[in-house]
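Everything below concerns the one structure shown next.
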Amino acid sequence: MAKADQNQVLRVMPIAVGILAGTLLMVNRLLTPALTDSQARSDALGIVLSALLILTGLLWQRVQPKSPDAVQLVGEEGFDLEKTLPDPVKTELAWASHLLLTNTATRSIVVWYGGQVLMRRGILGKAETVTPGAIVQRALQLQRPVYLVNLPLYPGKIEFDYLPENTQGVICQPIGSQGAMILGANAPRSYTKQDETWVAGIADKLASTLTQLMEPVPESLP
């Protein structure tokens, strides 16, 4: 079930207060048999202030749009590392995944490199192996990340069976020409441009480490 937007009350509060205040002023004026000049001026000022509150609330609706609805990803939380990896690689992967899980909308991470899964962390999908589909292969061929902002709308989502089945957004970030880091988010349109830049920087650091400490494999796509 999608989480309720925690800012909803703040966004509608000025509108509600403005409408309530304006209504009370009108009722008070209708029930007052004789108005003095000072009361008339006070009522006029109150109506103006109520209108300003309503206008402020409407502007907030545009300036602070509703955040994407997040879901609880289906699956168990875990941290799987390929046992044969050198210790420095394990440390690098642990560091990188921790940063992404704690500082972005990422809830599931899979690192595939050299034809094998090096790491799965976060909410784990059903499949333990990765067969790069058309989307991951495109990211590798172009050497550019592919960001699917709303995964349920893409027919190609079936290739991501190694992520939780209700993943909402995906970034396929190349790690050099030998692999990719696949990130799954629990909300659509949840990665900012700054997040994407950060993900690319972490992938470059991983590529450098993996190139130095792991044996190269022929550069070919499945």
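The values are calculated or read from the model by the stated rules, or taken from the named source; none is laboratory data. Being a predicted model, the structure only gives us computed values, none of them experimental. Cβ placement follows ideal geometry from the backbone for every residue including glycine, while neighbour counts extend to all protein chains displayed. Accessible surface is based on the protein model in full, side chains and every heavy atom, while ligands, DNA and RNA are left aside. Shrake-Rupley method; radii C 1.70, N 1.55, O 1.52, S 1.80 Å.
Quick notes on this one:
- Residue among 151, 49, 206 with the largest mean-square fluctuation in a Gaussian network model of the chain, springs linking Cα atoms under 10 Å: 49
- Springs join every pair of Cα atoms under 10 Å in this Gaussian network model of the chain, and among 155, 132, 164 the largest mean-square fluctuation is at 155.
- The chain: relative contact order in percent, alpha carbon pairs under 8 Å with at least 6 residues between: 19 percent
- Nonpolar atom fraction for the chain, defined as the carbon and sulfur part of the 1.4 Å probe accessible area, stands at 60 percent.
- The alpha-carbon positions of the stretch 107-159 define a convex hull whose volume is 96 Å³ per residue.
- Charged-residue dipole, Cβ positions (Lys, Arg, Asp, Glu), the chain about Cα centre, Debye nearest 20: 720 debye
- Positive-end extreme of charge dipole, the chain - chosen from 109, 207, 32 (charges on Cβ): 32
- Divide the volume of the convex hull around the Cα atoms of the chain by the residue count and you get 139 Å³ per residue.
- Computed over the stretch 126-185, Kirkwood Rh from alpha-carbon pairs, angstrom: 11.4 Å
- Exposed loop positions in the chain were taken to be GluC sites (Glu not before Pro) whose DSSP state is not H, G, I, E or B and which have at most 14 other beta-carbon atoms within 10 angstrom. Between these positions, the longest stretch is 1-75.
- Along the chain, counting only trypsin sites (Lys or Arg not before Pro) with a DSSP assignment other than H, G, I, E or B and at most 13 other Cβ atoms inside a 10 Å radius, the longest segment between sites is 127-222.
- Mean accessible surface per residue for the chain, computed with a 1.4 Å probe while every protein chain stays in place, in Å²: 59 Å²
- Kirkwood radius for the stretch 95-222, taken over all pairs of different Cα atoms as the inverse mean of 1/r, rounds to 14.4 Å.
- Per residue, the chain reaches -15000 deg cm²/dmol at 222 nm when only DSSP H runs of four or more residues are counted, each adding -39500 (n - 2.57).
- Distance from the stretch 174-212 to the stretch 71-133 (C-alpha centre basis), Å: 12 Å
- Rounded if a/c under 1.5, otherwise prolate or oblate - the stretch 63-139, Cα gyration tensor axes: prolate
- By definition, a body whose alpha carbon gyration tensor gives a ≥ b ≥ c is oblate when a/c is 1.5 or more and a/b is not larger than b/c, and the stretch 149-214 fits this oblate description.
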